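The values are calculated or read from the model by the stated rules, or taken from the named source; none is laboratory data. Just so we're clear, the structure is a prediction, and the values are computed from it rather than from any experiment. Note that we place each Cβ from the backbone using ideal geometry, even for glycine, and neighbour counts take in every protein chain shown. Accessible surface areas use protein heavy atoms only, side chains included; no ligands, DNA or RNA. Shrake-Rupley method; radii C 1.70, N 1.55, O 1.52, S 1.80 Å.
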Amino acid sequence: METTVKRVLIVGSGTIGTQVAALFALRGFDTVMHDVSKERLEHAAGAIAGMYNELAAGGHIDAEAAAAGLERLHQEEDLGRAAVGVDLVSESVPEDIALKRAVFAQLNEVCDPDTVFTTNTSDLVPSMLADATGRPELFAAFHFHSPMRGGDVVDIMGHPGTSPAVLVLLQELAGELGQAPIVLRREHPGYVFNNLLNALTRAALELAVDDVASPETVDMAWKRVMHMPVGPFGILDMVGLDTALRIARLGAEQLQDNGLQRIVDYLAQYVEEGRLGVQSGRGFYEYA
Ligand SMILES: NC(=O)c1ccc[n+]([C@@H]2O[C@H](COP(=O)([O-])OP(=O)(O)OC[C@H]3O[C@@H](n4cnc5c(N)ncnc54)[C@H](O)[C@@H]3O)[C@@H](O)[C@H]2O)c1
């Protein structure tokens, strides 16, 4: 495979797509952003300028780098025009399998046949989407962890039909983006980190649900033994207790898991009281 990535298309300019676009542009790639929502696209442009200003104010980048990054960023409402000359697509539309499949089918119509397609999905696996791309060998997951908020790892996960050359290309690209690649040897929902985090937060929640120890005690044990600034309940507050509840509810339903159902009931009490975590000023902890 000869592809060198110079121009990228970011499809979906929401929470993560905006950050991914900001990273690519800052690292020297011509970056086209596309979204079905004009408002989202306009908001993303302002948000990226704000992110660069913060980085410049903190001394992480200089003013010229910020200006050059903004020069390399383009917003395009028309998907056909957005796709012209693009070497790689990074998809960040909502976590809905039918929507993602429809978007990849559309992209297959408008992109060059050798354009590499990647998905930023958090919970799906690439084989659920591969046939819809029309180019399964050029398709893999390239999953970011909020790169502009300090995450500096990216998951690389192919499906059984992904070309090994694409996986090599993505590892090189990760390096160019300053992200450490976490390469999975085979498909696995939740990648590496999310599986570790889910196990930790589930164990912590079970200790609280069974009234073995309070959230504060559980966090204190983790923080002091592991020399960590935050424990599992503090992490849940950052994730958002509404999001944690939605994920637990999905698992409880899909797996008929009674343990998870007890966690759902426990988290639901917090959410009903409006205690959503950091975003609402109060979750397991209070935030000023
Ligand atoms: N939020 C995170 O921290 C994070 C981190 C890693 C991965 N992800 C994954 O990235 C994806 C997006 O998550 P998000 O939190 O940014 O969602 P979001 O809702 O903030 O943004 C999604 C964007 O996609 C746009 N969109 C919807 N349909 C579209 C279409 N047909 N074509 C183009 N754009 C379309 C929406 O208008 C919206 O701006 C999900 O798969 C999620 O699992 C999210």
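Values for this structure:
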read-out	value
Segments 279-287, 250-258 sorted - mean Cβ within 10 Å per residue, highest first	279-287, 250-258
Formal net charge of residues neighbouring Leu250 (Cβ-Cβ distance under 14 Å; K, R +1; D, E -1)	-3
Reachable lysines from Lys6, criterion Cα separation under 26 angstrom, eight or more residues apart if same chain	Lys38, Lys100
Long-range amide H partners of Val154 with built H, under 5 Å	Ala180, Ile182
Heavy-atom accessible area per residue - the chain, 1.4 Å, Å²	50
Surface share of carbon and sulfur [accessible, 1.4 angstrom probe, percent] for the chain	54
Equivalent-ellipsoid semi-axes of region 202-288, from the Cα gyration tensor, Å, largest first	21, 16, 11
Probe 1.4 Å, all protein chains present, accessible-area order of Lys38, Lys6, Lys100, largest first	Lys6, Lys38, Lys100
Backbone HN-Hα couplings from phi across region 142-150 [Karplus 6.51/-1.76/1.60, Hz, Gly and Pro as x]	9, 10, 8, 10, 5, x, 7, 10, x
Inter-centroid distance (Cα atoms) of region 93-134 relative to region 178-192, Å	18
Leading residue at positive end of dipole, the chain (Cβ point charges), from Ala63, Ala213, Ala252	Ala213
Relative contact order for region 7-183, counting Cα pairs under 8 Å that sit 6 or more residues apart, in percent	21
Equivalent ellipsoid semi-axes - Cα gyration tensor, the chain, angstrom	35, 23, 18
Separation of the Gln261 and Ala63 label points, Cα + 7 Å toward Cβ, nm	6.2
